[in-house]
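Participant: The structure follows.
The values are calculated or read from the model by the stated rules, or taken from the named source; none is laboratory data. None of the values given here were measured: they were computed from a predicted structure. Neighbour counts are summed over all protein chains in view; Cβ atoms, including those assigned to glycine, are modelled from backbone coordinates with ideal geometry.
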Amino acid sequence: MKDLNIQTIIKVCQYDELSDQDKQLIDKAKEMTQHSYAPYSKFKVGAAALLANGAIVTGSNQENAAYPSGLCAERTTLFYANSQYPDQAVLTLAIAARTEQDFIDNPIPPCGACRQVILETETRYKHPVRILLYGKKEIYLIKGIRDLLPLSFDGSEME
Ligand code: THU
């Protein structure tokens with residue numbers, strides 16, 4: 001028997017340490033929480049994606065009385081980006097979330113389904129998606145989805 005050691009390195013930083021472009025993406029993700037439709041959870045999530053052509057596409061979580069019919073901010077944003085710009089890789093995805101009181105202290109991690117969709121985006125465009133997770137206390141900078149989804153299923157096993 002042996003161990004399979006999978007390592008994830010996440011950069012933890014403060015807003016001031018980010019590049020201007022990353023700051024802009026975080027700002028937009030935070031802004032987009034205002035467009036969230038979250039009457040059930042009251043948890044407002046916003047996301048902003050930077051595409052290879054420089055376009056920034058934004059989105060927010062959209063809930064539904066039939067709960068599973070709603071969609072997270074990350075998937076709303078990626079599906080919109082992929083629909084509007086089907087030939088543009090997604091370079092970076094920023095995510096922010098707030099309760100009714102304020103933005104959350106710790107970075108918001110994407111749910112499992114969103115991780116899988118981010119993986120598909122990487123596979124489709126053959127380009128890693130950098131991920132910026134905003135929290136009031138600190139920001140996580142992740143270099144690609146495999147750091148959040150080790151042992152991932154990307155369909156290559158089916159070939
Ligand atoms: N949500 C997101 O939009 N992104 C995440 O990464 C986690 C959860 C949304 C889904 C739902 O509208 C609300 O937050 C509570 O789960």
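Participant: Are there any pairs with C-beta distances below 6 angstrom linking a residue in region 120-141 that is within 24 Å of L18 (Cα to Cα) to a residue that is modelled with pLDDT under 95, with the two at least 6 apart or on different chains, and if so which?
Facilitator: L133/I108
Participant: Within the group Y40, Y15, Y80, which residue is aromatic (F, W, Y), closer than 19 Å to D102 by Cα and away from the ligand (no atom under 13 Å from the Cβ)? Can you show your working first?
Facilitator: Working: Y40 fails: away from the ligand (no atom under 13 Å from the Cβ); Y80 fails: closer than 19 Å to D102 by Cα.
Going through Y40, Y15, Y80 in turn, just one is aromatic (F, W, Y), closer than 19 Å to D102 by Cα and away from the ligand (no atom under 13 Å from the Cβ): Y15.
Participant: Just need a number here: residues in region 1-35 that are among the acidic types (D, E) and in contact with a helix residue (DSSP H, G or I) (Cβ under 6 Å, 6 or more places away or on another chain). Talk me through it step by step, then tell me what you get.
Facilitator: We begin by selecting, within region 1-35, every residue among the acidic types (D, E); these are 3, 16-17, 20, 22, 27, 31.
Still in the running and in contact with a helix residue (DSSP H, G or I) (Cβ under 6 Å, 6 or more places away or on another chain): none.
Counting residues in region 1-35 that are among the acidic types (D, E) and in contact with a helix residue (DSSP H, G or I) (Cβ under 6 Å, 6 or more places away or on another chain) gives 0.
Participant: Taking region 94-112 only, how many residues are near the ligand (Cβ under 9 Å from one of its atoms) and free of Cβ contacts under 8 Å to residues at least 60 places away in the same chain?
Facilitator: Looking only at region 94-112, we keep the residues that are near the ligand (Cβ under 9 Å from one of its atoms), and these are 95, 97, 108-111.
Subsequent filtering for residues that are free of Cβ contacts under 8 Å to residues at least 60 places away in the same chain retains 109-111.
Here the count works out to 3.
Participant: For region 55-71, enumerate the residues that are surrounded by fewer than 22 Cβ atoms within 10 Å (Cβ to Cβ) and either over 17 Å from the mean Cα position of the chain (by Cα) or near the ligand (Cβ under 10 Å from one of its atoms) (or both).
Facilitator: Q62, E63, N64, A65, A66, Y67, P68, S69, G70, L71
Participant: Within region 27-59, which residues are out of contact with any Gly (no Cβ under 7 Å at 6 or more places or on another chain) and of a type in the set (A, V, I, L, M)?
Facilitator: If the condition is that a residue be out of contact with any Gly (no Cβ under 7 Å at 6 or more places or on another chain) and of a type in the set (A, V, I, L, M), then A38, V45, A48, A49, L50, L51, A52, A55, I56, V57 are the ones that fit.
Participant: When region 96-149 is examined, which residues are found to be closer than 14 Å to V12 by Cβ and in a helix (DSSP H, G or I)?
Facilitator: Selection gives D147 alone.
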